1. If the chain between residue 207 and residue 77 were fully stretched, how many nm would it gain, using 0.36 nm times the residue separation less the Cα-Cα distance?
2. So if each residue of separation counts as 0.36 nm, and I subtract the Cα-Cα distance between residue 52 and residue 150, what length gain in nm does that give?
3. May I ask for the Rg/Rh ratio of the stretch 81-202, computed from Cα atoms with Rh as the Kirkwood radius, given to two decimals?
4. Across all directions of projection, what mean area in square nanometres is found for the Cα convex hull of the stretch 131-194?
5. For the stretch 23-151, what does the accessible surface come to per residue with a 1.4 Å probe? Please give it in Å².
6. If I stretch the segment between residue 123 and residue 101 completely, what's the gain in nm (0.36 nm per residue apart, minus their alpha carbon distance), one decimal?
7. How much net charge surrounds residue 50 when only other residues with a Cβ under 11 Å from its Cβ are counted (Lys, Arg +1; Asp, Glu -1)?
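The values are calculated or read from the model by the stated rules, or taken from the named source; none is laboratory data. Just so you know, these numbers come straight off a predicted model, no measurement behind them. No Cβ is skipped: glycine too gets one built from the backbone with ideal geometry, and neighbour counts run over all protein chains shown. Areas reflect the complete protein model, heavy atoms only, side chains present, ligands, DNA and RNA absent. Shrake-Rupley method; radii C 1.70, N 1.55, O 1.52, S 1.80 Å.
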Amino acid sequence: MRNKKQEKILSMIDGYDSTETLSAAMAGVFLVWLLAAAASMVVAFMGFGAGTDADAISDFRSMVRTLQVAEGLLGLFTAAFFVYWVFRARENVRRLGKRHKIGLGRIFLRHIAALVVGFVALVVAFMVPAAATLGVTVFVVSMLWFSLMFSMMAYASMQMLWRTSSAPTGTEDELPALGFVWLVTWVLSGWTGGVQQQNDNIVIGVETAAIGLALHGVFIAIAAFTVSLLVRQVAARQESRLDAIISYVDIDVAGTHGAVTTDQINDAWDASDNLVDFNN
């Protein structure tokens, strides 16, 4: 709880915009995925109980398709909201005395390079029969790596926001293991969700599809819960870091109606370097 002096100073720091409310909304969107996870488990149990009944199998596959459409729409909304949340939170980073560089360009080039390598390997596999197995293997691995591009961008964004909201003790906190759990389970939820895909050439067995769907539900539940925690913690860490800065700004020096200057923020930042008791 800020006192009146801190509130007045905060209002004078041009550009900082608290994301606590937005982060709570973002966390809520991720928690909606728990409903998708529960639905996946229910549909998976339908698949396990379908047996050889043609009608039951048809109902199961119809429910799977409906679930995929619903998750696709929810995924688009979640991705758009997450990009907006990152943008808003990133705007505060410079106000907290840190660089807001994520490195998305580097990630893009790295994964595009994997795509190129994969297609080159596939061409080699067709042209050199002796290297077919190796070429196809490289192609598959390259495509899997390329498919991780947007997940890695999201992870890098979260890393940047976490790091730049570290306590002003001279070191920066790395994203905790919770972040890695989120990344791995989110990727696995996507891969297991693809097990239910079928086309004219490949038809996935009902039991196999049900197992994949059940795993999909488990992974997506873990991913949704962990990332919702991270989102709210980032907002809380930014607020705590800002408190550590404004607590050292002298309102009498700043002036009753004037704005806090960059030099004053820098001086306050320097004064807070020795702060060791910091609540994340």
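1. Numbers: separation 130, 0.36 × 130 = 46.80 nm, distance 3.07 nm.
Net length gain for the segment: 43.7 nm.
2. Numbers: separation 98, 0.36 × 98 = 35.28 nm, distance 3.93 nm.
Gain on stretching residue 52 to residue 150: 31.4 nm.
3. Details: Rg = 19.1 Å, Rh = 17.1 Å.
Dividing the radius of gyration by the Kirkwood radius yields 1.11.
4. Details: hull surface 23.8 nm².
Value for the stretch 131-194: 5.9 nm².
5. Working: 7500 Å² over 129 residues.
Here the per-residue accessible area is 58 Å².
6. Additional length available on full extension: 4.2 nm.
7. On the way: positive: 61; negative: 53, 55, 59, 207.
In short, -3.
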